[in-house]
Amino acid sequence: MSSSDFEQADQFAESYDATVLLYGWNSPRVIFDLVQETLRPGDRLLDLGIGTGLSAVPFREAGVQVYGVDGSAKMLECCELKRVTVELKQHDIRSTPIPYIDHNFDHVIACGVFHLIRHLDGIFAEVRRLMRGGGAFAFTIEKLDADRTSEGTLIDDGVLQIKNAKSDVLSYLHSAMLVEDLLNRHEFTATKTLDYVVYQKTDWAEERSFRAYVARDINDS
(Lines give C-alpha, C1' and ligand atoms only; values in the text may rest on other atoms or scores of the structure.)
Protein backbone atom coordinates (compact mmCIF):
# COMPACT_ATOMS: atom_id res chain seq x y z
CA MET A 1 0.00 0.00 0.00
CA SER A 2 1.15 3.53 -0.76
CA SER A 3 -0.12 6.95 0.31
CA SER A 4 -2.31 6.90 -2.80
CA ASP A 5 -3.85 3.64 -1.56
CA PHE A 6 -4.86 5.37 1.67
CA GLU A 7 -6.34 8.20 -0.39
CA GLN A 8 -8.42 5.64 -2.27
CA ALA A 9 -9.42 4.06 1.03
CA ASP A 10 -10.51 7.47 2.31
CA GLN A 11 -12.68 7.99 -0.77
CA PHE A 12 -14.18 4.51 -0.48
CA ALA A 13 -14.72 4.56 3.28
CA GLU A 14 -18.35 5.65 3.46
CA SER A 15 -19.50 3.07 0.89
CA TYR A 16 -17.13 0.30 1.98
CA ASP A 17 -19.47 -1.64 4.28
CA ALA A 18 -22.38 -1.63 1.85
CA THR A 19 -20.16 -2.74 -1.04
CA VAL A 20 -18.38 -5.66 0.63
CA LEU A 21 -21.55 -6.89 2.31
CA LEU A 22 -23.27 -6.85 -1.08
CA TYR A 23 -20.49 -9.10 -2.36
CA GLY A 24 -20.88 -11.41 0.63
CA TRP A 25 -17.39 -10.73 2.03
CA ASN A 26 -16.95 -13.39 4.68
CA SER A 27 -13.40 -12.94 6.01
CA PRO A 28 -14.50 -11.36 9.33
CA ARG A 29 -16.72 -14.31 10.16
CA VAL A 30 -14.07 -16.82 9.07
CA ILE A 31 -11.46 -15.23 11.35
CA PHE A 32 -13.80 -14.98 14.32
CA ASP A 33 -15.03 -18.57 13.99
CA LEU A 34 -11.46 -19.87 13.96
CA VAL A 35 -10.45 -17.89 17.05
CA GLN A 36 -13.57 -17.75 19.20
CA GLU A 37 -12.89 -20.87 21.29
CA THR A 38 -9.74 -19.23 22.68
CA LEU A 39 -11.37 -15.93 23.62
CA ARG A 40 -12.08 -14.83 27.18
CA PRO A 41 -14.12 -11.79 28.17
CA GLY A 42 -11.76 -8.90 28.77
CA ASP A 43 -8.99 -10.18 26.48
CA ARG A 44 -7.12 -7.43 24.64
CA LEU A 45 -7.06 -7.78 20.86
CA LEU A 46 -5.25 -5.65 18.28
CA ASP A 47 -6.88 -5.45 14.85
CA LEU A 48 -4.23 -4.53 12.26
CA GLY A 49 -5.75 -2.65 9.33
CA ILE A 50 -9.07 -2.43 11.12
CA GLY A 51 -10.67 -0.27 8.42
CA THR A 52 -14.32 0.41 9.17
CA GLY A 53 -14.34 -2.19 11.95
CA LEU A 54 -16.33 -4.98 10.33
CA SER A 55 -13.79 -7.52 11.55
CA ALA A 56 -13.93 -6.12 15.09
CA VAL A 57 -17.69 -6.37 15.58
CA PRO A 58 -17.98 -10.10 16.49
CA PHE A 59 -15.00 -9.83 18.85
CA ARG A 60 -16.57 -6.90 20.67
CA GLU A 61 -19.84 -8.83 20.93
CA ALA A 62 -17.85 -11.66 22.56
CA GLY A 63 -16.63 -9.29 25.28
CA VAL A 64 -13.13 -8.70 23.91
CA GLN A 65 -11.45 -5.30 24.24
CA VAL A 66 -10.57 -4.30 20.67
CA TYR A 67 -7.82 -1.86 19.69
CA GLY A 68 -7.42 -0.86 16.07
CA VAL A 69 -4.74 0.53 13.78
CA ASP A 70 -5.24 1.71 10.20
CA GLY A 71 -3.63 4.12 7.76
CA SER A 72 -6.89 5.64 6.51
CA ALA A 73 -8.35 8.48 8.56
CA LYS A 74 -11.76 8.17 6.92
CA MET A 75 -11.94 4.43 7.54
CA LEU A 76 -11.19 5.07 11.19
CA GLU A 77 -13.94 7.69 11.36
CA CYS A 78 -16.43 5.08 10.10
CA CYS A 79 -15.09 2.57 12.59
CA GLU A 80 -15.46 5.01 15.47
CA LEU A 81 -19.16 5.32 14.72
CA LYS A 82 -19.64 1.60 15.40
CA ARG A 83 -18.31 2.04 18.97
CA VAL A 84 -16.70 -1.40 19.02
CA THR A 85 -13.17 -0.38 20.02
CA VAL A 86 -11.38 0.83 23.12
CA GLU A 87 -8.91 2.85 21.05
CA LEU A 88 -8.09 3.62 17.43
CA LYS A 89 -4.78 4.88 16.05
CA GLN A 90 -3.97 6.10 12.56
CA HIS A 91 -0.79 4.32 11.54
CA ASP A 92 0.57 2.54 8.47
CA ILE A 93 1.21 -0.98 9.79
CA ARG A 94 4.16 -1.38 7.41
CA SER A 95 5.96 1.32 9.38
CA THR A 96 7.57 0.01 12.55
CA PRO A 97 7.26 0.17 15.42
CA ILE A 98 3.49 -0.09 15.62
CA PRO A 99 2.68 2.38 18.42
CA TYR A 100 2.04 0.03 21.33
CA ILE A 101 4.29 -1.31 24.07
CA ASP A 102 5.68 -4.85 24.17
CA HIS A 103 3.40 -7.76 25.15
CA ASN A 104 0.35 -5.53 25.25
CA PHE A 105 -2.20 -7.85 23.59
CA ASP A 106 -3.61 -11.32 24.08
CA HIS A 107 -4.50 -11.67 20.40
CA VAL A 108 -3.70 -9.97 17.08
CA ILE A 109 -5.76 -10.22 13.88
CA ALA A 110 -5.24 -8.95 10.34
CA CYS A 111 -8.37 -9.57 8.31
CA GLY A 112 -8.34 -8.82 4.58
CA VAL A 113 -5.14 -6.78 4.86
CA PHE A 114 -2.04 -8.80 3.98
CA HIS A 115 -3.00 -9.20 0.30
CA LEU A 116 -2.35 -5.44 0.02
CA ILE A 117 1.16 -5.65 1.48
CA ARG A 118 4.23 -6.95 -0.33
CA HIS A 119 6.63 -7.47 2.58
CA LEU A 120 5.20 -9.14 5.70
CA ASP A 121 8.38 -9.89 7.63
CA GLY A 122 8.44 -6.65 9.62
CA ILE A 123 4.77 -6.98 10.53
CA PHE A 124 5.22 -10.53 11.78
CA ALA A 125 8.14 -9.31 13.90
CA GLU A 126 5.92 -6.61 15.39
CA VAL A 127 3.16 -9.11 16.15
CA ARG A 128 5.71 -11.22 18.02
CA ARG A 129 6.73 -8.15 20.05
CA LEU A 130 3.19 -7.04 20.81
CA MET A 131 1.66 -10.38 21.81
CA ARG A 132 1.60 -12.06 25.18
CA GLY A 133 2.07 -15.81 25.42
CA GLY A 134 -0.92 -18.06 24.93
CA GLY A 135 -2.80 -15.90 22.45
CA ALA A 136 -3.82 -16.26 18.82
CA PHE A 137 -2.38 -14.48 15.78
CA ALA A 138 -5.05 -14.81 13.09
CA PHE A 139 -4.78 -13.45 9.57
CA THR A 140 -5.79 -13.96 5.96
CA ILE A 141 -3.76 -14.05 2.77
CA GLU A 142 -4.72 -14.37 -0.87
CA LYS A 143 -3.36 -17.73 -1.96
CA LEU A 144 -0.60 -18.06 -4.54
CA ASP A 145 -1.33 -21.26 -6.42
CA ALA A 146 0.56 -22.48 -9.46
CA ASP A 147 -2.39 -21.81 -11.77
CA ARG A 148 -2.37 -18.10 -10.90
CA THR A 149 1.19 -17.20 -11.81
CA SER A 150 0.16 -16.09 -15.30
CA GLU A 151 -2.10 -13.40 -13.84
CA GLY A 152 0.69 -11.17 -12.59
CA THR A 153 4.40 -10.78 -11.97
CA LEU A 154 6.50 -12.81 -9.56
CA ILE A 155 8.37 -10.05 -7.76
CA ASP A 156 9.80 -11.95 -4.80
CA ASP A 157 10.23 -15.59 -3.91
CA GLY A 158 6.67 -16.64 -3.08
CA VAL A 159 4.99 -13.30 -3.90
CA LEU A 160 2.92 -12.57 -7.01
CA GLN A 161 1.93 -8.97 -7.78
CA ILE A 162 -1.35 -8.31 -9.58
CA LYS A 163 -2.78 -4.94 -10.63
CA ASN A 164 -6.54 -4.50 -10.49
CA ALA A 165 -7.59 -3.42 -13.97
CA LYS A 166 -10.42 -1.24 -12.65
CA SER A 167 -8.78 0.53 -9.71
CA ASP A 168 -5.01 0.13 -10.38
CA VAL A 169 -4.65 -1.13 -6.79
CA LEU A 170 -1.82 -3.62 -6.42
CA SER A 171 -2.47 -6.88 -4.60
CA TYR A 172 0.02 -9.50 -3.51
CA LEU A 173 -0.53 -13.25 -3.41
CA HIS A 174 1.67 -15.07 -0.89
CA SER A 175 2.64 -18.72 -1.15
CA ALA A 176 2.03 -21.18 1.68
CA MET A 177 5.76 -21.88 1.81
CA LEU A 178 6.53 -18.20 2.35
CA VAL A 179 3.93 -17.87 5.12
CA GLU A 180 5.24 -20.97 6.88
CA ASP A 181 8.76 -19.56 6.68
CA LEU A 182 7.62 -16.26 8.19
CA LEU A 183 5.82 -18.03 11.01
CA ASN A 184 8.85 -20.18 11.80
CA ARG A 185 11.23 -17.24 11.63
CA HIS A 186 9.20 -15.37 14.23
CA GLU A 187 8.58 -18.40 16.45
CA PHE A 188 4.95 -18.99 15.59
CA THR A 189 3.33 -22.24 14.57
CA ALA A 190 0.13 -22.54 12.55
CA THR A 191 -2.52 -24.40 14.54
CA LYS A 192 -5.40 -23.91 12.10
CA THR A 193 -5.76 -23.09 8.42
CA LEU A 194 -8.85 -22.76 6.28
CA ASP A 195 -9.10 -22.23 2.53
CA TYR A 196 -12.15 -20.29 1.43
CA VAL A 197 -13.58 -18.10 -1.32
CA VAL A 198 -13.52 -14.55 -0.08
CA TYR A 199 -16.79 -13.47 -1.74
CA GLN A 200 -19.85 -15.66 -1.21
CA LYS A 201 -21.78 -13.98 -4.04
CA THR A 202 -19.45 -14.65 -6.94
CA ASP A 203 -22.03 -13.33 -9.41
CA TRP A 204 -21.31 -9.90 -7.91
CA ALA A 205 -17.53 -10.16 -7.72
CA GLU A 206 -14.63 -12.19 -9.01
CA GLU A 207 -13.93 -15.47 -7.25
CA ARG A 208 -10.78 -15.10 -5.17
CA SER A 209 -9.23 -17.87 -3.09
CA PHE A 210 -7.95 -16.94 0.34
CA ARG A 211 -6.44 -18.84 3.25
CA ALA A 212 -7.00 -18.01 6.91
CA TYR A 213 -4.39 -18.89 9.52
CA VAL A 214 -4.42 -19.11 13.28
CA ALA A 215 -0.91 -19.17 14.73
CA ARG A 216 0.43 -19.38 18.26
CA ASP A 217 3.73 -18.91 20.02
CA ILE A 218 5.78 -21.98 19.23
CA ASN A 219 6.56 -22.31 22.94
CA ASP A 220 2.84 -22.67 23.74
CA SER A 221 2.34 -25.70 21.51
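So which helices of the chain fit the span-like rule, where a helix is a whole DSSP H run, its Cα atoms reach 24 Å or more along the axis, and its mean Kyte-Doolittle is at least -1.0?
Going by DSSP H runs, the hits are 3-23.
Let me cross-check H119: its accessible surface, 1.4 Å probe, with only protein heavy atoms counted, in Å² to the nearest 10?
Roughly 120 Å² of H119 is accessible to a 1.4 Å probe.
Taking only the alpha carbons of the chain, what extent do you get along each of the three principal axes, in Å, biggest first?
Taking the Cα atoms of the chain, the three principal extents are 43, 38, 30 Å.
Compare M131, M177 by solvent-accessible area with a 1.4 Å probe and give them largest first, with all protein chains kept in place. Could you put the intermediate results ahead of the total?
Values: M131 15, M177 155 Å².
Of M131, M177, the descending order of accessible area is M177, M131.
Given a 1.4 Å probe and heavy atoms of the protein chains only, how would you sort E151, E61, E126, largest accessible area at the top? It would help to have the intermediate numbers written out before the result.
On the way: E151 95, E61 145, E126 20 Å².
Output order, biggest surface exposure first: E61, E151, E126.
On average, how much accessible surface per residue is there in the chain, in Å², for a 1.4 Å probe, leaving out ligands, DNA and RNA? It would help to have the intermediate numbers written out before the result.
Numbers: 10510 Å² over 221 residues.
Accessible surface, normalised per residue, equals 48 Å².
Over the range 11-145, with every protein chain in place, what whole percent of the accessible area is carbon and sulfur at 1.4 Å, could you tell me?
Values: 2700 of 5440 Å².
For the range 11-145, the apolar C and S fraction of the accessible surface comes to 50 percent.
Leaving ligands and nucleic acids out of the surface, order K163, K89, K201 by accessible area at 1.4 Å, largest first. Before the final figure, lay out the partial values.
On the way: K163 125, K89 55, K201 90 Å².
From most accessible down to least: K163, K201, K89.
I'd like the accessible area for K192: 1.4 Å probe, protein heavy atoms, all chains in place, Å² to the nearest 10.
60 Å²
The values are calculated or read from the model by the stated rules, or taken from the named source; none is laboratory data. If you're wondering where the values come from, they're calculated on a predicted model, not measured in any experiment. The area values use the complete protein model at the heavy-atom level, side chains included, leaving out ligands, DNA and RNA. Shrake-Rupley method; radii C 1.70, N 1.55, O 1.52, S 1.80 Å.
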